[in-house]
Amino acid sequence: MTDTILNLAPSLGERAKAALGKRNLVLVGLMGAGKSAIGRIVAQQLGLPFVDTDTEIERVSRMSISELFAAYGEDEFRALETRVIKRLLRTGPRVVSTGGGAFINEKTRKQVERGGLSIWLNADLEVLWERVNKRDHRPLLKTENPKQTLKDLMDKRYPIYALADITVQSRDVRKEVIANEVMTSVIEHIGKDKTL
């Protein structure tokens, strides 16, 4: 009899989904923070669709992010990114992984504030560098000293990422550990909001 009762207890994913309600869960942070990998796991645990905004941008534009940067520049890319994110956040709930610069753009940040709960996956330089230096598809890191460029991006962007509703430390542990911390943080944050 007690086994049946234990099995009826809601899982972490079910509790986080209930806390989230109709809101989108939006992951922000620098390249290599794990937004897509963690986002997919969280979406699966919540039973929600997962969307990576960079993948969606590539789909609608029929160009890679690198090609978009090369052809149109960063300003035009950010304008497209804002439009895509606005469209994605109109329907939900879903888990959305954003590009590293998305939350830095004030218009995009306001869309995220209106349409979801933002989580910053905060990672230190060595963790990020270990994850991004193996591949060369990052347009912003096509510089003479990509590690210094990454450090400069951290210095510039981290104060803005800190505006996210929730911060979870991304580090060198199994992705499922971080995904569980994201879901636990959602439950705690929304529970705290309800008591205020």
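Semi-axis lengths, largest first, of the ellipsoid equivalent to the chain are 30, 19, 15 Å, with √(5λ) applied to each eigenvalue of the Cα gyration tensor.
Which value, in debye to the nearest 20, gives the size of the charge dipole of region 31-182 about its Cα centre, when Lys and Arg are +1 and Asp and Glu are -1 at the Cβ? Intermediate results must be reported in sequence, preceding the final value.
Working: 26 positive and 22 negative charges, 89 e Å.
So the magnitude is around 420 debye.
Out of the trypsin sites (Lys or Arg not before Pro) in region 71-175, which ones are loop residues according to DSSP with at most 11 other C-beta atoms within 10 Å? Mind dumping the intermediate values first?
Values: sites: Arg78, Arg83, Lys86, Arg87, Arg90, Arg94, Lys107, Arg109, Lys110, Arg114, Arg131, Lys134, Arg135, Lys142, Lys147, Lys151, Lys156, Arg157, Arg171, Arg174, Lys175; in loops: Arg94, Lys134, Arg135, Lys142, Arg171, Arg174.
Here the trypsin sites (Lys or Arg not before Pro) that fit, given the DSSP loop and packing criteria, are Lys134, Arg135, Arg174.
I'd like to verify something in the chain: which complete DSSP H helices, judged by Cα projection on the helix axis, reach 18 Å or more and average at least -0.5 on the Kyte-Doolittle scale?
Details: long enough: 65-90 (29 Å, -0.12); 146-161 (21 Å, -1.20); 175-195 (30 Å, -0.25).
Span-like helices, by this rule, are 65-90, 175-195.
Here each label is just a point 7 Å from Cα along the line to Cβ, and for Val177 and Ala37 those points are 1.2 nm apart. Take every pair of alpha-carbon atoms less than 8 Å apart whose residues are at least six positions apart; their mean separation over the length of region 45-130 yields a relative contact order of 34 percent. Taking a point 7 Å from the Cα of Leu80 along the Cα-to-Cβ direction, the residues of region 42-67 with backbone N closer than 19 Å to it are 51-67.
Protein heavy-atom accessible surface, 1.4 Å probe, per residue over region 1-130: 50 Å².
Describe numerically, in nm with one decimal, the distance between label points set 7 Å from Cα along Cα→Cβ at Ile160 and at Lys147. About 2.6 nm separates the two model spin labels.
Residue separation of Tyr72 and Ala18 scaled by 0.36 nm, minus their Cα-Cα distance, works out to 15.3 nm of gained length. Here the chain has 51 percent of its accessible surface on carbon and sulfur atoms, given a 1.4 Å probe and all protein chains in place. Beta-bridge orientation, the chain: approximately 0 percent antiparallel, per DSSP, counting only bridges with both partners inside.
The values are calculated or read from the model by the stated rules, or taken from the named source; none is laboratory data. Everything numeric here is computed off the predicted structure, so don't read it as measured data. Quick reminder, even Gly has a Cβ in these numbers, built from the backbone with ideal geometry, and neighbours come from all protein chains shown. What goes into the accessible areas is simple: the full protein's heavy atoms, side chains included, and nothing from ligands, DNA or RNA. Shrake-Rupley method; radii C 1.70, N 1.55, O 1.52, S 1.80 Å.
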